[in-house]
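For reference, the structure is listed below as structure tokens.
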Amino acid sequence: MKKSHWLVAGLAAMLVLACSSQKEPAENAIAKIDATLSAVHDAAAKYAPDTLSSVEAQVASLKQNLSKGNYKDVLAAAPAVTAAVASLKEDAEAKQSAADAALAQVKQQWRNLSADVPKAMEALHARVDALSKSKLPKGVTKASLESAKAGAASLDTMWTEASSAVSSEDYAGAVAKGQAVKDKAAELMHSLGAT
């Protein structure tokens, strides 16, 4: 009887030892996953939110297994979760790079418009003022001149709105309005007989 008691006790001790030997690697695996996920979290939340929530669920499952002492399950699942976090990081970084490139392009469009539109508006106002003080050329009516005056005033407002959009970092909105101002100014100049 004593011999079997010692055998059971020895097996129990080996089981405890085996479990405790898996505890540290399981904790380390989760710590590494947490550190990697933490580093990419903000970018992932902005550029890959759906994937982020899926990965966070996987990490939560790992942590739940750890808290239950299921170290073997943690160690078995950790490589797949590590791969999912790495994939999330790549996806978020790629999307962030694409967004940064698009923003740089829109900012360049704004810089071009902010150089061109004020000149176009100045030319339009000068043309309206000149025609208001002289005989109208062939093809330009008093009605088209009045329409151009009103249009120029409206474009001034739109340009101010475009500039305000830039102040609030809405470059896409600013470019859309700025391009509309540029196009309409050219149209009005044409209606006033300017080539």
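Bear in mind that the values in this text are calculations on the coordinates, not laboratory data. Since the structure is predicted, the reported quantities are computational estimates derived from the model, not experimental observations. All Cβ positions, glycine included, derive from the backbone under ideal geometry; neighbour counts span all protein chains shown.
For the reader, a short list of remarks on this structure follows.
- Electrostatic tally near Val74: other residues with Cβ closer than 10 Å to its Cβ, Lys and Arg +1, Asp and Glu -1, net +2.
- Ranking of His190, His41 by count of other Cβ atoms within 10 Å, fewest first: His190, His41
- Helix 171-191 and the long axis of the chain differ in direction by around 20°, with both axes built from C-alpha atoms.
- Listed by chain and number, the lysines whose C-alpha is less than 18 Å from the C-alpha of Lys177, apart from same-chain residues fewer than 8 away, are Lys107, Lys119.
- Taking the chain as a Gaussian network of alpha-carbon nodes connected by springs under 10 Å, the highest mean-square fluctuation of the residues Val59, Val140, Val74 belongs to Val140.
- Kirkwood Rh in Å, taken over all unlike Cα pairs in segment 98-191: 14.1 Å
- When Rg and the Kirkwood Rh are both derived from Cα coordinates, the Rg/Rh ratio for segment 31-80 amounts to 1.02.
- Viscosity 0.692 mPa s, 37 °C: Kirkwood-radius Stokes-Einstein D of the chain over Cα pairs, µm²/s: 145 µm²/s
- When you filter the trypsin sites (Lys or Arg not before Pro) in segment 14-99 for DSSP loop state and at most 10 other Cβ atoms inside 10 Å of their Cβ, you are left with Lys68.
- Helix 142-167 axis versus longest C-alpha principal axis of the chain: approximately 30°, rounded to the nearest ten.
- Principal-axis tilt of helix 2-47 within the chain, Cα atoms, nearest 10 degrees: 10 degrees
- Neighbourhood net charge (11 Å Cβ-Cβ; Lys/Arg +1, Asp/Glu -1) for Asp129: +2
- Centre-to-centre separation between the Cα atoms of segment 118-133 and those of segment 62-84: 72 Å.
- Most mobile listed residue (Pro49, Pro79, Pro137) in the chain, GNM with C-alpha springs under 10 Å: Pro137
- In percent, rounded to a whole number, the relative contact order of the chain is 20, using alpha-carbon pairs under 8 Å and six or more apart.
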